[in-house]
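Colleague: To start, I am sharing the structure in question, which I have written as structure tokens.
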Amino acid sequence: MEFHHKAWKEKALDLANQGISLGVINEKLASAFAWAAAAELAKAHLRDDEIYFWILGGYGAALVNCQRYHEAIEAAKEALDWEAKHDQILSRMTMARALYNMGAIDGAKTYFQQIYAMKSEDIYQAFPEIDRQTLTDLIELS
């Protein structure tokens, strides 16, 4: 079915999936643009649908990959409560990465600690860009 004939949810999912595919091949900016389009559709037409929060979580993560930290935080904030109810951590990962990369270590610690509380040792695989000892210090295990 052609894009313009699809329902809003299907259109938003198509754009989000395009963002995922572009992210996989390291096309960070193009990925963020696809996620942005999905987020705009979701904000305009899908606020009462759970997909709204999933899309905002993905959009925030794509923005972090482009070093657009303030925007990433804004996108991720909207999905935090929904993700907590569904044992998901993407928005917390976005918040932790954005704050950490901005140098707001105390703010980032809160999210690293929440992620550790939710996923335990899996946190070390979730943040391969941060060495193990630094991450241990951030979650205050040592």
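No value in this document is a laboratory result; all are computed from the given coordinates. Here the structure is a predicted model, which means the values were calculated and not measured.
Colleague: Please give the calculated 222 nm ellipticity per residue for the chain, where each DSSP H segment of at least 4 residues contributes -39500 (n - 2.57) and the sum is spread over every residue; nearest 500 deg cm²/dmol?
Modeller: Mean residue ellipticity, 222 nm, calculated: -23500 deg cm²/dmol.
Colleague: Another question, then. With the cut-off at 21 Å, tell me which of the pairs 11/119; 11/43; 11/85; 77/109 have Cα atoms farther apart than that.
Modeller: Exceeds cut-off: 11/119; 11/85.
Colleague: On to the next question. Mind telling me which of 89, 25, 105 comes out most flexible in a GNM of the chain, alpha-carbon contacts under 10 Å?
Modeller: Looking only at 89, 25, 105, the biggest GNM fluctuation is shown by 25.
Colleague: Moving on. Taking the Cα centre of each part, how many Å lie between the stretch 104-142 and the stretch 12-68?
Modeller: 25
Colleague: Connecting C-alpha atoms closer than 10 Å in a GNM of the chain, tell me which of 71, 129, 50 has the biggest fluctuation.
Modeller: Maximum fluctuation in the GNM of the chain, among the listed residues, is at 129.
Colleague: OK, next. Among 73, 51, 130, determine the one that fluctuates most according to a GNM of the chain built with springs between C-alpha atoms less than 10 Å apart.
Modeller: Answer for the Gaussian network model of the chain: 130.
Colleague: Here are labelled values, (1) 145; (2) 119; (3) 105, and one is the computed volume of the Cα convex hull per residue in Å³ for what I pasted. Which one?
Modeller: This structure yields the entry labelled (3).
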